[in-house]
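Asks: One structure follows; several queries about it will come next.
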Amino acid sequence: MAERVETAAVLGAGVMGMGIAAHLASAGIRTHLLDITPRDLPPNKDQDPNARSAIAADAIKNALKAKPAVFLDPGAAKLITPGNFDDHLDRLRECDLVIEAVVENIKIKKSLFAKVAKEVGPNTILASNTSGLSLAHMTEDLSHDLQSRSCVMHFFNPVRYMRLLEVVRGQHTSDATIARVEALGEFLGKGVVYAKDTTNFIANRIGTYALNQAIQVMDEYGLSIEQVDKIAGPPMARPKTGAFKLSDMVGLDTLKHVAQNCYDTLTSDPERNIFQFPPWITELINSGAHGRKAGRGFYKREGSETLVYDRGTKTYRKQAKVRFESLGAIKNIEEPGQRVKALIEQQDSAAKFAWHNLASTLIYSARLIPEIADDIVNIDRALRWGFNWDLGPFELWDAIGVRTSVERMQKDGMDVPPGILAMLSSGRETFYDGPRRQQTFFNLVNRAVAPVPVNEQHLTFVGLKQEADTRVVKKNLGASLVDLGDGALALEVHTKMNTIDDDVIKMMVTAREEAEKNFEALVIANDGGNFGAGANLMLIMMGAQSGEWSIVEQAISGLQNALQELRYATVPVVAAPYGLTLGGCCEIAMAADACQAHAETYMGLVEVGAGLIPAGGGCLRMVERWTGPVDGTNDAVILPFIAAPSLQIATATVATGAVHAQQLRYLLPTDGISLNRDLLLSQAKARALGMAKAGYRPPLPRTLKAAGIDTAKSIEMSIWGMVEGQFASTHDALIAGKVAHILCGGHVAAGTELTEQNYLDLEREAFLSLCGEEKTQARIQNLLMTGKPLRN
């Protein structure tokens, strides 16, 4: 097992340095954050320790106020100690890791390394967060011993949210150092890829090429800025930001710096000129249009409207509606690879542009092996994790068909790298082959087949099902029961966006029965982007509009009963929420005995956005969690404990992460938090089996002391104050009043003992009454049509 990092230092308190320090601290690592001593301190402050470390201290204060949040847990800021380079380099002696994150200037970095070398301990790893400068040049003056403990650890910004960590080893970097860095990266939840010591490493080299190539060729196809972004986004298996919106987000000046670094240093790259920005973009940058941070770039926000830069008039104009037959033909194709394949088979200008950019990027990526990476696996992972592409270049090449696409490339006069032709000549048709956990890839360097590196703790339902058909115990259209091994059963939901429908509810009941009969524990988990977006609103809408109230009531009762069965199952039930965990899916997680949540879990009871209230036990669970320790007979004591969840539900408050979810009590303080999404399922399984082996006993049904009608009326007065202040609509007030009514136990006196079923009955009654409201039906319809909540 690699030696753990318990104490670290980050040198440089800028955006990246502070982001790295915050993430280390959020993972429980004590961190020193050092920066320069402020210049021109007045004489009375020159020897003041606080003043001399003000740059680092201010960075921590600003990070605590940043949005989106820099820290997973704001309390972790206490683990960061500010300091400065002049007074505190001696602290490095206690550090297991030192990460340099100062300005991208090789002279400054070398000078700092020379000072650091005198202070670090004998086992300290010395890393640079450079985005593309030479590690060999940076470390050439260090001792051989320290070079063996040196590497690049290139985090992507924002550090908390971006998964990629590029690791670059030097000529003398030891295997032990790399093993420690890899273990730390995985612990921090990062996807580690191994890059070579070349300009801009992997992701920025290829990602910048793809972006710049799109800009270079757009005129050939007569495309505008907004047209390019529409094509170079999801239609090409890339993020919605496309090319130009991505540039605005990153910063035009930053992007130009990255591209210029490629142009200046890659003198032997045959496609070097791609990295030169056209004059009109340089002119835009020189005018101060640096993107979102400057208020304008390729796009400019004016009020509620986003304008786009017009190259002809050199002004901003309204965006034109983008329509292409090819984009219309693929809009309903969900699988990214199939979508791209269908797009490039079309014949309009959008499809031809997409093919030109895609083919060029694929060939360029292949040509860079082994210059920037040893294999296709590292390149694919770098682009998926660093640029958020749905598929890496070689995964995408497989999806569109290697042989047919190569034939088209050759017909277009493109020079296909020999390694690709060798693979096809060998009879192999794809770069990757085999089931997920035994997958192989074609090595373009030695032209042999090799296994794709996998972490045995990385469990996915796709991989488990590929191993053996017997893994699937039972299934229907909405969900499956999957044998995780070792006595653990999993309930996997696989509806669109993992929403809850009748099939899912039926499988919940079956899951409890099967787990109690043949397994030791039950895990509720999914693959995909999110744990779940809540209930299937279409079914609710159809029932409400047709007046089939029995169908709606049956759906609510079915969910309530299924979740209560899970709550009191005789085996432990552990949910593994991640990403969006909303509405009914939040209620599923709250009904479990415990949760093992991914750190980036955005959890909330958001039914008010659809004009409804939580009716799957969400209100009940909030009462349990907020009033459990309080005496329900004392109005003065209980009011704030009921007011808090009332406000959360009425405002559809969503947690900004798992720690925040604990503070909002969607998660319990005892619930586990996983930093690494890849390990979530295996850690949830371990938690469930651990509970089983520790002598699990189901909870006993409990009664709750109601807050009472007087508390509800106090909350309702506050609600109408918000209406009068125009912070809420009358329909918001109607819904919030029903929430308060449920949480306070209905028309009962304070201290009245109620059962869980009493609260569930109140939920169901309120839900049904709201379904009959025209404004609620309008909210549901708007959500279904636009995906956005309606304020009415």
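Asks: Restricted to the range 752-792, and to residues that are over 20 Å from Trp549 (Cα atoms) and among the basic types (Lys, Arg), which residue is most open to solvent (accessible area, probe 1.4 Å)?
Replies: Result: Arg791.
Asks: With respect to Trp397, determine if the residue is crowded, with 23+ Cβ neighbours inside 10 Å and outside any helix (DSSP H, G or I).
Replies: On the way: crowded, with 23+ Cβ neighbours inside 10 Å: yes; outside any helix (DSSP H, G or I): no.
Here the answer is no, as Trp397 does not meet what is asked.
Asks: Look at Ile540 and say whether it is of a type in the set (Val, Ile, Thr) and buried (at least 20 other Cβ atoms within 10 Å of the Cβ).
Replies: In short, yes.
Asks: When you scan the range 356-368, do you find a residue that is farther than 23 Å from Gln216 by Cβ, out of contact with any helix residue (DSSP H, G or I) (no Cβ under 8 Å at 6 or more places or on another chain) and modelled with pLDDT of 95 or more, even just one?
Replies: no
Asks: Continuing with this model, one more query. Could you pull out every one of the strands (runs of 3 or more DSSP E) wholly within the range 408-497 that has 1 or more residues that are buried (at least 16 other Cβ atoms within 10 Å of the Cβ) and at pLDDT 95 or above? First the steps, then the outcome.
Replies: Details: elements: 440-442, 449-451, 472-475, 479-485, 488-493.
Qualifying strands (runs of 3 or more DSSP E): 440-442, 472-475, 479-485, 488-493.
Asks: Here are some residues: Met218, Met249. Which one is among the aliphatic types (A, V, I, L, M), assigned to a helix (DSSP H, G or I) and surrounded by fewer than 19 Cβ atoms within 10 Å (Cβ to Cβ)?
Replies: Only one candidate qualifies: Met249.
Asks: If you check Gly251 against the conditions, is it touching a His at 6+ places or on another chain (Cβ under 7 Å), over 13 Å from Ala210 (Cα atoms) and either at pLDDT 95 or above or not polar (S, T, N, Q) (or both)?
Replies: When the stated conditions are applied, Gly251 passes them.
Asks: Further, regarding this structure: Checking Ile178 against (1) surrounded by fewer than 23 Cβ atoms within 10 Å (Cβ to Cβ); (2) touching a Pro at 6+ places or on another chain (Cβ under 9 Å); (3) aliphatic (A, V, I, L, M): exactly one of these is not met. Which one?
Replies: (2)
Asks: Test each condition in (1) buried (at least 24 other Cβ atoms within 10 Å of the Cβ); (2) under 17 Å from Pro572 (Cβ atoms) for Phe531 and report the one that comes out false.
Replies: Only one criterion is unmet by Phe531, namely (2).
Asks: Are any residues in the range 727-753 over 21 Å from Arg621 (Cβ atoms) and assigned to a helix (DSSP H, G or I), and if so, which ones?
Replies: Thr730, His731, Asp732, Ala733, Leu734
Asks: Asn44 versus (1) polar (S, T, N, Q); (2) crowded, with 22+ Cβ neighbours inside 10 Å; (3) assigned to a loop (DSSP other than H, G, I, E, B): which is the lone unmet condition?
Replies: (2)
Asks: Do we have any residue at all in the range 605-615 that's under 21 Å from the mean Cα position of the chain (by Cα) and open to solvent by 10 Å² or more (accessible area, probe 1.4 Å)?
Replies: yes
Asks: Looking at the range 278-287 only, could you name the residues that are open to solvent by 30 Å² or more (accessible area, probe 1.4 Å) and within 33 Å of the chain's Cα centre (by Cα)? Spell out how you get there, then give the answer.
Replies: Start the filter on the range 278-287 by keeping residues that are open to solvent by 30 Å² or more (accessible area, probe 1.4 Å), which leaves 279-280, 282-283, 286-287.
The answer is Thr282, and nothing else.
Condition check ((1) within 27 Å of the chain's Cα centre (by Cα); (2) in a helix (DSSP H, G or I); (3) buried (at least 23 other Cβ atoms within 10 Å of the Cβ); (4) small (Gly, Ala, Ser)) across all residues:
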position	(1), (2), (3), (4)
Tyr194	yes, no, no, no
Ala210	yes, yes, yes, yes
Lys230	yes, yes, no, no
Asp253	yes, yes, no, no
Asp269	no, no, no, no
Asn273	no, yes, no, no
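Asks: Then there is this: Please go through the range 289-308 and pick out each residue that is surrounded by 12 or more Cβ atoms within 10 Å (Cβ to Cβ) and on the phi > 0 side of the Ramachandran plot.
Replies: Within the range 289-308, Gly291, Gly295 meet the criteria.
Asks: Scan the range 378-388 residue by residue and report those that are hydrophobic (A, V, I, L, M, F, W, C) and surrounded by 24 or more Cβ atoms within 10 Å (Cβ to Cβ).
Replies: Ile379, Ala382, Leu383
Asks: Now, a different point. Just need a number here: residues in the range 336-350 that are free of Cβ contacts under 8 Å to residues at least 40 places away in the same chain and part of a helix (DSSP H, G or I). Walk me through how you get there before you give the answer.
Replies: Going residue by residue through the range 336-350, those that are free of Cβ contacts under 8 Å to residues at least 40 places away in the same chain are 342, 345-348.
Now narrow it down to the ones that are part of a helix (DSSP H, G or I): 342.
Here the count works out to 1.
Asks: Out of all the residues in the range 81-92, which are more than 22 Å from Ser26 (Cα to Cα) and either in contact with a strand residue (DSSP E or B) (Cβ under 6 Å, 6 or more places away or on another chain) or of a type outside the set (A, V, I, L, M, F, W, C) (or both)?
Replies: Result: Phe85, Asp86, Asp87, His88, Asp90.
Asks: Among (1) surrounded by fewer than 19 Cβ atoms within 10 Å (Cβ to Cβ); (2) touching a Phe, Trp or Tyr at 6+ places or on another chain (Cβ under 9 Å), there is one condition Ala749 misses while meeting the rest; what is its number?
Replies: For Ala749, the exception is condition (2).
Asks: Just for the range 568-578: of the residues that are of a type outside the set (Phe, Trp, Tyr) and open to solvent by less than 10 Å² (accessible area, probe 1.4 Å), which one is nearest to Ile780 (Cα to Cα)?
Replies: Once the filter is applied, the top-ranked residue is Pro577.
Asks: I would also like to ask the following. Within the range 1-16, which residues are crowded, with 24+ Cβ neighbours inside 10 Å and under 15 Å from Ala57 (Cα atoms)? First the steps, then the outcome.
Replies: Our first condition is that a residue be crowded, with 24+ Cβ neighbours inside 10 Å; within the range 1-16, this holds for 8-13.
If the condition is that a residue be crowded, with 24+ Cβ neighbours inside 10 Å and under 15 Å from Ala57 (Cα atoms), then Ala9, Val10, Leu11, Gly12, Ala13 are the ones that fit.
Asks: Within the range 327-338, how many residues are buried (at least 18 other Cβ atoms within 10 Å of the Cβ), within 23 Å of Glu407 (Cβ to Cβ) and more than 23 Å from the chain's Cα centre (by Cα)?
Replies: Looking only at that region, the number is 1.
Asks: Residues in the range 49-73 that are in contact (Cβ under 8 Å) with a residue 60 or more places away in the chain, open to solvent by 30 Å² or more (accessible area, probe 1.4 Å) and not small (Gly, Ala, Ser): how many?
Replies: Residues of the range 49-73 that are in contact (Cβ under 8 Å) with a residue 60 or more places away in the chain, as a first pass: 68-73.
Within this subset, residues satisfying the condition of being open to solvent by 30 Å² or more (accessible area, probe 1.4 Å) are 68-70, 73.
Then keep just the ones that are not small (Gly, Ala, Ser); that gives 68, 70, 73.
The total comes to 3.
Asks: Just the residues that are under 30 Å from Thr601 (Cβ atoms), at pLDDT below 95 and open to solvent by less than 40 Å² (accessible area, probe 1.4 Å), please, taken from the range 131-175.
Replies: Selection gives Ser131 alone.
Asks: Return the total of residues in the range 313-326 being open to solvent by 70 Å² or more (accessible area, probe 1.4 Å) and assigned to a loop (DSSP other than H, G, I, E, B).
Replies: Qualifying residue count, the range 313-326: 6.
The values are calculated or read from the model by the stated rules, or taken from the named source; none is laboratory data. Keep in mind that what you see is a predicted model, and the values were worked out from it rather than measured. Positions of Cβ are backbone-derived with ideal geometry, glycine not excepted, and every protein chain shown enters the neighbour counts. Heavy atoms of the whole protein, side chains included, go into the accessibility calculation; ligands, DNA and RNA do not. Shrake-Rupley method; radii C 1.70, N 1.55, O 1.52, S 1.80 Å.
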